[in-house]
Amino acid sequence: MTINLSNVCFTYPDTPDKPVLNIPSWTVQTGEKVFIYGPSGGGKSTLLNLLSGMLAPSGGDVSVLGERLDKMNQRQCDRFRATHIGYVFQQFNLVPYLNAIENIQLAAHFCEGEKTDIKQEIEALLTKLNIKPDDWHKPANKLSIGQQQRVAIARALINRPQLLIADEPTSSLDQHNRDNFMAILMSLIDEHNITLVFVSHDMSLSQHFARTDAMSDINDFSGAH
Amino acid sequence: MFLKLALKSLLNRKGSVLLTLMAMTVSVSVLFAVEHVRHQAKESFSNTVSGVDLIVGARTGSLNLLLYSVFRMGSPTNNIAWESFEEVAANPQVKWAIPIALGDSHKGYRVMGTTPEYFEFFSYGNRHQLSFNKGRAFDQVFDVVLGSDVANKLDYSLGEKLVLSHGVASTSFSQHDDHPFTVVGILEPTGTPVDRTLHVSLQGIEAIHIDWQHGVKIPGRHLTTEQIEKLDLRPKNITAFMLGLKSRIATFRVQRDINNYSKEPIMAILPGVALSELWQMMGILENTLFIVAILVFIAAVLGLSAMLLSTIRDRSHEIQLLRVIGAPPGFLFLLIELEAVLITLSSIILGATFLTIGLHSSQDILTHFGLHISKNIFSASTLYFILSIIAASIVAAAIPSLNAYTKAKKF
């Protein structure tokens, strides 16, 4: 089991009477690809931040890859995230003034363990993602949005994570780029047998996934009141 | 990777970084300059004279006497009679006595009449004696020995003839052109006012004024050089004299004796005491300059801090991204600090470069004011100075760095 949440609740400290999340139980098996949809404000981002250890739950157990994130301190969470979890946002996935290779190197920098042939690995990954060598050394803000999102996949996968979290990664892409992005993402996920949690409001993407969860089903507000 | 991130981030914001860098460079240059000049000036001042126990001149302020006798600045208030000099020099405690006569100049450089013993007894710095780069001391009436600056700047060599001017202004209308002097010696550089002095014998000073009265030539009266050399050129009066005593313990007694001398109002000063008095006066100015320099620096460092703080807001996505890929909040703190240190280091390098260039190009002006400032601004204390500049910028940059830290913690 990759993810196991039980009795997780979350409230922001400045609004203690308004719980954002209340999840009695939610699990994701290893290698599973889960599509979560729901309107904005439904607690999607908060859920992803709990899974990546960016936020600590107000109560309950958050177990990811067999580790209890709610029991870790912040430093341990940071290291765990760098080593085991890949993350792709809707936008701002890259440090704008670094080029594609440097952005990926930066991600590798925070990962535990020495990597010797990192450069070669990055180049192979970028080639696989259809980024031309001419664009490898351009600053990220000079790349197109489609290219940036593909470099973001490379950045998220460089540390060989077991879990990839994608937060509306296709929402700023056009139809063509979106299909292109999904095809590459899915083939890499299958190739490396990575568990995927993919959040979007775009239901048409659910065709790529075997499992589709509605955010309103995961998050049970009734229990919080 | 860390350094690369900081560097590229700064290069990405060229405009504001460049302006901040300029402000920092200006302030660091000012700090360096003030610090350097105050060290150098103090050294230069206290090295000017050593081995002289007492300086005797007409009764005036001790600083005034020191300024005109040693620094060749300002004008002597009055002359003293040759007889007074002879009487004091005859004191059994006196080991040596060197008379000096001032009042003439050559192209802005002061001329000093003295005796050949001057080259033997006068010393500067850590008891360095004067030594000759070329030639020898004067022995004829119309011989002149040049300080090293005079020889260099006016490009004189041994055997050349030059004409002295009456008075101390750089452009004098009354030239002693009827009696030219011959260069017989050039001194080694000393870094003291000696370098800017022309030394002639007392007889020489007497000789060029022999057919003058009240500062102008007497018309129709002209003696040839040969005629003059035959005359009795014993000086009637001199400006001041320096004394070396047999025992330093006697200094105060001899000083009191001179101050109580009844035939003429003369006084004796201890050069060391007068020098430190002079330095105390300069000290107020020096401290004021230093405080102003520090205030300018504080303003620049606050500017740096403000610039970094304003960019944190624009960088919230970047901070969030770095957090997601595993950067701890401390990394963000250090990143902003590193950016501040990089700007400070660049400004130190630029400031030191500008100051060195400035010192090289302003050497003429500085020596004109009697200051011998070394062109090398680096010394052991410079290191501490640089470290404290960096420390100050780290402290100031803690504000934006903490801001980035708390922002990172919130994601």
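The values are calculated or read from the model by the stated rules, or taken from the named source; none is laboratory data. Owing to the predicted nature of the structure, the values given are computational and were not obtained by experimental measurement. Cβ sites come from the backbone with ideal geometry, for glycine too, and all protein chains shown count toward neighbours. For the accessible areas, the whole protein counts, side chains as well, though only heavy atoms, and no ligand, DNA or RNA atoms are used. Shrake-Rupley method; radii C 1.70, N 1.55, O 1.52, S 1.80 Å.
The set of residues in the range B:311-327 that are without any contact (Cβ under 8 Å) to a residue 60 or more places away in the chain and over 14 Å from A:R155 (Cβ atoms) comprises B:R313, B:D314, B:H317. Restricting the range B:317-342 to residues that are open to solvent by 30 Å² or more (accessible area, probe 1.4 Å), under 27 Å from B:L19 (Cβ atoms) and within 14 Å of chain A (Cβ to nearest Cβ) leaves a set whose member that is nearest to the chain's Cα centre (by Cα) is B:L334. With respect to the conditions (1) closer than 28 Å to A:L94 by Cβ; (2) open to solvent by 20 Å² or more (accessible area, probe 1.4 Å), B:S388 lacks only one, and its number is (1). Here B:V296, B:V341 are screened, and the one residue that is part of a helix (DSSP H, G or I), of a type in the set (V, I, T) and under 12 Å from B:S393 (Cα atoms) is B:V341. In the range B:148-162, which residues are among the aliphatic types (A, V, I, L, M) and either within 23 Å of the chain's Cα centre (by Cα) or part of a helix (DSSP H, G or I) (or both)? Across the range B:148-162, the qualifying residues are B:V150, B:A151, B:L154.
Every condition in (1) touching a strand residue (DSSP E or B) at 6+ places or on another chain (Cβ under 8 Å); (2) among the hydrophobic types (A, V, I, L, M, F, W, C); (3) assigned to a loop (DSSP other than H, G, I, E, B) is met by A:L185 except one, and the failing one is (3). Here A:I104 fulfils each of the conditions (1) more than 13 Å from every other protein chain (Cβ to nearest Cβ); (2) modelled with pLDDT of 90 or more apart from (1).
Being within 14 Å of chain B (Cβ to nearest Cβ) and either of a type in the set (G, A, S) or within 30 Å of B:Y405 (Cβ to Cβ) (or both), is that true of even one residue in the range A:15-35? Checked against the condition, which is being within 14 Å of chain B (Cβ to nearest Cβ) and either of a type in the set (G, A, S) or within 30 Å of B:Y405 (Cβ to Cβ) (or both), the range A:15-35 yields no hits at all. When the range A:36-62 is limited to residues that are in contact (Cβ under 8 Å) with a residue 60 or more places away in the chain and closer than 25 Å to A:A107 by Cβ, the one that is nearest to the other protein chains (Cβ to nearest Cβ) turns out to be A:S52. Inspect the range A:143-166 for any residue being in a helix (DSSP H, G or I), more than 30 Å from A:S63 (Cβ to Cβ) and facing chain B (nearest Cβ under 9 Å) and give the result as yes or no. No, the range A:143-166 contains no residue that is in a helix (DSSP H, G or I), more than 30 Å from A:S63 (Cβ to Cβ) and facing chain B (nearest Cβ under 9 Å). A search for C-beta distances below 6 Å between a residue of the range B:187-202 that is assigned by TED's automatic domain parsing to the domain that holds B:L66 and within 15 Å of B:D143 (Cβ to Cβ) and any residue that is of a type in the set (G, A, S) and at pLDDT 85 or above, counting only pairs 6+ apart in sequence or on different chains, returns B:L187/B:G147; B:L187/B:S148; B:T197/B:G147; B:V200/B:G113; B:L202/B:A101; B:L202/B:G113.
When the range A:63-96 is filtered for residues that are surrounded by fewer than 19 Cβ atoms within 10 Å (Cβ to Cβ), facing chain B (nearest Cβ under 10 Å) and assigned to a loop (DSSP other than H, G, I, E, B), the ones remaining, listed by number, are A:Q91, A:F92. Taking the criterion of being in a strand (DSSP E or B) and either more than 17 Å from B:D104 (Cβ to Cβ) or under 29 Å from the mean Cα position of the chain (by Cα) (or both), the residues of the range B:173-201 that qualify are B:V183, B:V184, B:G185, B:I186, B:L187, B:T197, B:L198, B:H199, B:V200, B:S201. Residues that are part of a helix (DSSP H, G or I) and open to solvent by 10 Å² or more (accessible area, probe 1.4 Å) were ranked within the range A:188-198; the one that is farthest from A:G43 (Cα to Cα) is A:E191. The sole residue among B:I390, B:I373 that is under 43 Å from the mean Cα position of the chain (by Cα) and assigned to a helix (DSSP H, G or I) is B:I390.
So, A:S25, is that one out of contact with any Leu (no Cβ under 8 Å at 6 or more places or on another chain), in a strand (DSSP E or B) and open to solvent by 20 Å² or more (accessible area, probe 1.4 Å) or not? No; evaluated as a whole, the condition is false for this residue.
Within the range B:59-90, the set of residues being assigned to a strand (DSSP E or B) and over 19 Å from B:V111 (Cα atoms) comprises just one member, B:A81.
Can you go through B:T311, B:T288, B:T251 and tell me which one is among the polar types (S, T, N, Q) and within 30 Å of B:A90 (Cβ to Cβ)? Spell out the reasoning first.
On the way: B:T311 fails: within 30 Å of B:A90 (Cβ to Cβ); B:T288 fails: within 30 Å of B:A90 (Cβ to Cβ).
Testing whether each residue is among the polar types (S, T, N, Q) and within 30 Å of B:A90 (Cβ to Cβ) leaves just B:T251.
Would you call B:S174 over 14 Å from B:M112 (Cα atoms) and at pLDDT below 80? Yes. The set of residues in the range B:272-292 that are open to solvent by less than 90 Å² (accessible area, probe 1.4 Å) and in contact with a Leu (Cβ under 9 Å, 6 or more places away or on another chain) comprises B:A274, B:L275, B:E277, B:L278, B:F290.
Here the range A:107-133 is the region considered, the condition is being part of a helix (DSSP H, G or I) and facing chain B (nearest Cβ under 8 Å), and the residue that is most open to solvent (accessible area, probe 1.4 Å) is A:H109.
What is the one condition in (1) at pLDDT below 85; (2) away from chain A (no Cβ under 14 Å) that B:A33 does not satisfy? Failing condition for B:A33: (1). Once the range B:13-23 is narrowed to residues that are in a helix (DSSP H, G or I), surrounded by 17 or more Cβ atoms within 10 Å (Cβ to Cβ) and not hydroxyl-bearing (S, T, Y), the residue that is farthest from the other protein chains (Cβ to nearest Cβ) is B:A23.
A single member of A:K18, A:K44 is buried (at least 19 other Cβ atoms within 10 Å of the Cβ) and either of a type in the set (D, E, K, R) or modelled with pLDDT of 90 or more (or both), and it is A:K44.
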